[in-house]
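Below is one structure; the comments refer to it alone.
The values are calculated or read from the model by the stated rules, or taken from the named source; none is laboratory data. Keep in mind that this is a model prediction, so the values were computed, not measured. Neighbour counts are summed over all protein chains in view; Cβ atoms, including those assigned to glycine, are modelled from backbone coordinates with ideal geometry.
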Amino acid sequence: MAILEKITESQVWKSVFRHPMPTDRRNRTVVVLTNFFLHLHPVSVRKQGIALSYTWCMGGTTFFLFIVEVVTGVLLMFYYRPTLEHAYNDILALRDVTTLGILRELHRWGAHAMVIAVWLHMYRVFLTGSYKPPREFNWVIGVLLLVSTLLLSFTGYLLPWDQLAIWAITVGSNMARATPGVGVEGPGASLLKLNGVSLITSGSDAKFALLGGRSVGEMTLNRFYVLHCVAIPLAATLLIMVHFWRVRKDGGISAPM
Amino acid sequence: MDHHPDLTPGVMAGLSWYYLLASMLNAAAAAYVAYMQIVSEGASTKGLAPRTRKLPNWLMIAFFGLYGLATLLMLGRGALPGGTLVAYWICAAANVLVAIAAGADAAHFAEERSEHAAHAGVSDAAATLDDHIPAHGLGKPMNRTLWTLVWTTAALVFQVMGLTYALGAEFALPKFMRDAVDAVSGPTTFFVGATAAFVLIIKYRRLFANGILAWGLVNAFLMFFGLSMTDFDFRDIVTKPDNVPIVGLIVLVAFFTWLALRRAVINDARMDSGLPNLEQLEPEKTLVWPDLVYTELIAMVVETIVLVVWGIALQAPLEQPASSTVAPNPSKAPWYFLGLQEMLVYFDPWMAGVVLPSMIIVGLMAIPYIDTNKLGNGYYTIKQRMFAYVTFQYGYLVLWVILILLGTFLRGPNWNFFGPYEYWDVHKLIPLNNVNLSDIFWVQLLGTAKPTNILTRELPGIAISLAYFAVIPPLLGKFFFKKYIAESGSMRFYVLAGLLLFMASLPIKMVLRWTINLKYLVAIPEYFFNI
């Protein structure tokens, strides 16, 4: 015990934790206020608001899974090269050669679980009417986060570069070809002509922009890799920050108004 | 079509453990009903005599002791030939012990009680905490003796089935039953059945909110799933690693739908009687440290364990290297988009893949601004927001989740429909005799050739489509949404009506396809404009 006391009395410890153990009311308040991570929370919440049968814990689960995806995703990036030459073999090696080879499993199953958790979180928010004033705008942010989650999952689906991957993305991206006005097989696209020359062709339409080519190929892999690892996570992080901030500003976690 | 065996030693071993788990769940349910204090949410226990029964210690010790012994045997099964089978028998014995002890004690408690009542000379004894205290609005207390015995029986039935497989009996779901299920399944029966089930659940929600019916449905699902796993084709699709999350999704969505329904039913009954709703019972606040942070910590630990176990048990799928020349049949989008892919049966890509998904996103975002009902903010209720609740749940459960299930489990090669036990035959031929409205109107109805002018040719469909969006909203506004328009303004109403019409377009198109084989309402393939 003497050692423990020595540690908690040391300058190093005290420079990190600026108050004694949170065993009394005062310090339980101070710990939330002074800790960067904990200060996402208020000091106190309504008891009913955190009852499991009321709140289901799905929003927090989604955020936790997002962190799991970031951590495992960064580790996966150490092993994976997004080129036609290497992509598939790197995934194969990850399975067969790597020690503790469940990194991709954690990432993939975590992604599936995250999609389900987002849906259940929105389901609960709807069923308790928690999108009603003053939380209207945070629900809109939430819908954008749903879209981000689905896009993250969708772009990640291509990266293993196996049959499952390219054909699922082919099926999905074929829709872009049919976008009204900007897809080559979309209604209205053939009307966009300049001096008799079509503006929207299979080399300049929405699908081409998405895939970086007329079909799923190396440029697609590159685009999806960048979207998956950089662009969408950054956007999602920004949205998450706004989402959490608005939870606090719009009256705290859901409870009877 | 039996290309593969329905039962293999591995499948039978798996099923024996599956039924052991099902039996354990029911033994636990029986023990819960027999011994535990069952006071439902928000019910009062004031003025009740204390309880006299409790979970016997010897039973708990015996149960966990036997399971512990079985675990040791499993760990040492390398050194002990036949260790697995012995471990299985020990676990089965523990389940049976709990089930029978609970059933016998429940009967004993009932006997004691009626004797006591006879002595006291009253028709029935005063209520005690041994009685089931139902939530307000959920009807009468349950008969604990009866329901203990029912779950005891269920536990025994499941355990006997498990032992049957453990002993090597090859019982598969009879062929004629599988064929019958396949014969009646189809997109029509599946979708119409889901819609009917949805209507029934909303209409008889008080009944569904009851724990007894819910547990009965869980048992029915366990039985259906166990029996279905004896079919090769069913198993082949359900156990694809990427499909496993969907099985999880079904379980979670069903559970949470039930939980929300139950709390809403209780709240509605409470508020009808002037009582505060469940969410208002404890208005006081609590400190985040330790109450919330510990909940979060436990949740994170549990979720980490689930993910790691899942990751070890199931390898992430990796198929053959990508080849742009060999297209798999069926080619499926990721599972969460299969509802959209299913819509491709009824709409062209520009509708199913672009317009309708955009409308879903826009519609979701619009919800807080078109739902101007101030009630139901922060608590579960159905009655106070019937329209919003039913519309959203129909959209989410039937038009989204059910279509994903259909697209994942029942759509095979060429996106043809296959029954749950049907072999995915690439050569299955489904006659396509769908016709466009222009054919129906000009050729079948008027008996003339179709006009050559595109606009004239498609005039009937264009007129109907325009009328759909131009005529129905004013009618809705005049007859059904008068109050809404007065309170929220016509701008909100027209946005709401437009979104509703987009949502309704899918079931409408489905019905038109099934009844008059309609392919397109408006068919202008010259400009890729088909509705």
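Within segment B:212-226, residues that are farther than 13 Å from B:Ala154 by Cβ sit with their Cβ atoms under 6 Å from residues that are at pLDDT 95 or above and not small (Gly, Ala, Ser), at 6+ positions apart or across chains, in these pairs: B:Ala214/B:Trp258.
Let's see how each residue does on (1) more than 30 Å from B:Ala264 (Cα to Cα); (2) in a loop (DSSP other than H, G, I, E, B):
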site: A:His107; (1), (2): yes, no
site: A:His112; (1), (2): no, no
site: A:Trp119; (1), (2): no, no
site: A:Lys132; (1), (2): no, yes
site: A:Ile141; (1), (2): no, no
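Could you list, in sequence order, the residues of segment A:203-212 that are surrounded by 15 or more Cβ atoms within 10 Å (Cβ to Cβ) and over 15 Å from A:Met175 (Cβ atoms)? The answer is A:Gly212, and nothing else. Note on segment B:16-72: residues that are of a type in the set (Gly, Ala, Ser) and more than 28 Å from B:Ser228 (Cβ to Cβ) amount to 11.
Say we look at segment B:133-148 and pick out the residues that are touching a residue at least 24 places away in the same chain (Cβ under 8 Å) and closer than 24 Å to B:Ile382 by Cβ; which of these is surrounded by the fewest Cβ atoms within 10 Å (Cβ to Cβ)?
By that ranking, first place goes to B:Gly139.
Just to check your reading of the model, which residue among A:Ser173, A:Ser202, A:Ser153 is modelled with pLDDT under 90, of a type in the set (S, T, N, Q) and within 25 Å of A:Val118 (Cβ to Cβ)? Give the derivation first.
Working: A:Ser202 fails: within 25 Å of A:Val118 (Cβ to Cβ); A:Ser153 fails: modelled with pLDDT under 90.
Criteria check complete, one pass: A:Ser173.
Screening segment B:276-296 for residues that are in a loop (DSSP other than H, G, I, E, B) and among the acidic types (Asp, Glu) and picking the one that is surrounded by the fewest Cβ atoms within 10 Å (Cβ to Cβ) gives B:Glu284. Where helices (runs of 4 or more DSSP H) fall wholly inside segment A:1-89, the ranges with 1 or more residues that are surrounded by 13 or more Cβ atoms within 10 Å (Cβ to Cβ) and within 23 Å of the chain's Cα centre (by Cα) are A:52-55, A:58-79.
Looking at the structure I just gave you, is A:Tyr123 surrounded by 21 or more Cβ atoms within 10 Å (Cβ to Cβ) and aromatic (Phe, Trp, Tyr)? In short, yes. Across segment B:367-383, which residue is nearest to B:Phe529 (Cα to Cα) among those that are at the interface with another protein chain (Cβ under 9 Å from one of its Cβ atoms), part of a helix (DSSP H, G or I) and in contact (Cβ under 8 Å) with a residue 12 or more places away in the chain? Per the criteria, the residue is B:Ile367. Whether a residue is β-branched (Val, Ile, Thr), closer than 27 Å to B:Val398 by Cα and assigned to a helix (DSSP H, G or I) was assessed, and B:Ile464 passes this test.
Report yes if B:Ala79 is surrounded by fewer than 16 Cβ atoms within 10 Å (Cβ to Cβ) and either in a loop (DSSP other than H, G, I, E, B) or not aliphatic (A, V, I, L, M) (or both), otherwise no.
So B:Ala79 passes the test.
Listed here are the residues, each with its yes/no results for (1) in a loop (DSSP other than H, G, I, E, B); (2) free of Cβ contacts under 8 Å to residues at least 60 places away in the same chain; (3) aromatic (Phe, Trp, Tyr); (4) more than 7 Å from chain B (Cβ to nearest Cβ).
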residue: A:Leu146; (1), (2), (3), (4): no, yes, no, yes
residue: A:Phe154; (1), (2), (3), (4): no, yes, yes, no
residue: A:Tyr157; (1), (2), (3), (4): no, yes, yes, no
residue: A:Ile169; (1), (2), (3), (4): no, yes, no, yes
residue: A:Val184; (1), (2), (3), (4): yes, yes, no, yes
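When segment A:209-257 is examined, which residues are found to be closer than 30 Å to A:Tyr131 by Cβ, among the hydrophobic types (A, V, I, L, M, F, W, C) and within 14 Å of chain B (Cβ to nearest Cβ)? Write out each step before concluding.
Applying the first criterion (closer than 30 Å to A:Tyr131 by Cβ) to segment A:209-257 yields A:227-228, A:231-257.
Next, from what is left, pick out any that are among the hydrophobic types (A, V, I, L, M, F, W, C): A:227, A:231-232, A:234-236, A:238-242, A:244-245, A:247, A:253, A:255, A:257.
Residues satisfying the conditions are A:Leu239, A:Phe244, A:Val247, A:Ile253, A:Ala255, A:Met257.
What do you reckon, is B:Tyr346 of a type outside the set (A, V, I, L, M, F, W, C), more than 7 Å from chain A (Cβ to nearest Cβ) and out of contact with any Ser or Thr (no Cβ under 6 Å at 6 or more places or on another chain)? Yes: the conditions hold for B:Tyr346.
Tell me, which residue of segment A:100-112 that is hydrophobic (A, V, I, L, M, F, W, C) and more than 7 Å from every other protein chain (Cβ to nearest Cβ) is nearest to A:Asp90 (Cα to Cα)?
Checked segment A:100-112; the qualifying residue nearest to A:Asp90 (Cα to Cα) is A:Leu103.
Candidates are the residues of segment A:126-137 that are crowded, with 21+ Cβ neighbours inside 10 Å and touching a residue at least 12 places away in the same chain (Cβ under 8 Å); the one that is nearest to the other protein chains (Cβ to nearest Cβ) is A:Lys132.
Among the hydrophobic types (A, V, I, L, M, F, W, C) and at pLDDT 95 or above: is that true of A:Ile3 in this structure? Here the answer is no, as A:Ile3 does not meet what is asked. Of the residues making up segment B:2-13, none is free of Cβ contacts under 8 Å to residues at least 12 places away in the same chain, surrounded by 15 or more Cβ atoms within 10 Å (Cβ to Cβ) and either outside the structural domain of B:Val265 (by TED's automatic domain parsing) or not acidic (Asp, Glu) (or both). Would you point out the residue of segment A:188-197, among those that are surrounded by fewer than 22 Cβ atoms within 10 Å (Cβ to Cβ) and in contact with a strand residue (DSSP E or B) (Cβ under 9 Å, 6 or more places away or on another chain), that is farthest from the other protein chains (Cβ to nearest Cβ)? Checked segment A:188-197; the qualifying residue farthest from the other protein chains (Cβ to nearest Cβ) is A:Leu192. Quick check on A:Val216: is it more than 23 Å from B:Lys332 (Cβ to Cβ) and modelled with pLDDT of 85 or more? No, not satisfied.
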